[in-house]
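Below is one structure, written out as structure tokens; the observations come after it.
Only the coordinates and a few stated rules stand behind these numbers; no lab work does. Please read these numbers as outputs of a predicted model, since none were measured by experiment. When we count neighbours, we look across all protein chains shown, and the Cβ atoms used for this are built from the backbone with ideal geometry, even at glycine.
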Amino acid sequence: MFHKGMEPYGCISKTIQVAKLRRLDINEMRIRDCIDIPINGRIVIIDRPKMERVMAKLAKKRGAKIHTGKRVKISELANEYDLIIDASGYPSQWCREFEEKPKKPAIALQARCKLECDEMIIDISGGFDGYFYTFPKSDGYANVGVGFWKSRLSNLGYWLKKYVEFMGGEMLHKTAGLIGVGLNRPFIRQCDSTTVALVGDAAGMVDPFLAEGMTKAVFGARILAECIKRGDLAFYEKKYMESMRMHYLVSNLLYASKVHLPHAIFFKIIKPIAPILRDLILG
């Protein structure tokens with residue numbers, strides 16, 4: 001998922017016009033409330049494998065050397081290079097290598113499904129601080145999943161299967177992953193004489209309300225690249241936070257409200273201000 005204008009050229013698989021935030025009773029598998037949020041094409045779904053191929057091609061064209069199939073350590077690269085960029089996801093290579101305890105991650109279990117869907121759907125339910133989601137992909141397919149941050153549902157596989165059936169999808173295959181929620185600051189570290197910059201999930205840039213991190217990773221990478229180009233790497237974190245502070249403030253408030261308020265009340269509060277929140281989050 002990308003905000004419009006941030007996606008790599010030619011990698012869009014679906015343009016989203018409407019997002020739905022729904023209150024789901026998981027015991028009865030029934031929608032109790034729904035907020036339709038007009039997105040009007042400001043969010044697009046990308047073809048990630050294609051995006052990675054495009055990015056690799058551009059990188060090679062500009063002189064980058066890409067090595068795959070080999071594990072590397074920051075400590076092994078230190079002193080050979082001026083800068084190492086840790087974009088290793090959660091937990092970051094820095095945390096794994098230097099035994100720094102990472103913040104607790106979000107966890108998502110997702111299925112690629114045969115499912116006709118043109119809307120982005122997020123369903124929240126009482127009892128856990130996560131959500132169910134349906135993100136349309138190319139025609140006839142969608143990613144359907146369940147994710148949580150701190151308090152979980154037991155037997156995620158069962159609930160994912162039940163939710164896919166509720167959505168009318170046919171499950172093809174499942175994947176699971178850890179998501180780096182919670183800013184892992186500072187973004188700039190030092191290993192001997194080499195500077196190490198964290199970005200994306202490695203820097204904990206993921207949205208705390210929606211657990212969406214791809215857009216933040218790209219945005220952070222663009223700021224980091226600009227700082228490298230200008231020779232002002234020390235301002236990387238400051239520039240990122242100046243641009244994203246309001247986004248994280250709103251997302252944290254939404255997350256706290258969703259967790260601590262009864263969902264019926266949460267929806268009554270959110271409905272009239274949904275367009276304002278949309279603009280604050282999307283920019």
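Counting only alpha carbon atoms, the long axis of helix 156-167 and the longest principal axis of the chain meet at about 60°.
Computed from Cα atoms, the angle from the helix 214-230 axis to the main principal axis of the chain rounds to 20 degrees. Do the alpha carbons of any pairs in Lys50/Lys103; Lys114/Lys162; Lys14/Lys65; Lys114/Lys174; Lys137/Lys174; Lys20/Lys268 sit beyond 20 Å of each other, and which pairs? Lys50/Lys103; Lys14/Lys65, as the Cα separations exceed 20 Å there. Take each peptide in 209-216, 115-122, 186-193, count the other Cβ atoms within 10 Å of every residue, and average; sorted highest first, the result is 209-216, 115-122, 186-193. On the basis of the beta-carbon distance and an R0 of 30 Å, Leu253 and Ala221 show a calculated FRET efficiency of 0.70. Ranked by the mean number of other Cβ atoms within 10 Å of their residues, highest first, the peptides 218-228, 79-89 fall in the order 218-228, 79-89. Taking label points 7 Å from Cα along the Cα-to-Cβ direction, Arg96 and Glu119 give a separation of 4.0 nm.
Charging the Cβ of each Asp and Glu at -1 and of each Lys and Arg at +1, and nothing else, the dipole of the chain about its Cα centre rounds to 240 debye. The trypsin sites (Lys or Arg not before Pro) of segment 19-127 meeting both criteria, a DSSP state outside H, G, I, E and B (loop) and at most 13 other C-beta atoms within 10 angstrom of the site's C-beta, are Arg62, Lys65, Lys70, Arg71, Lys73, Lys103.
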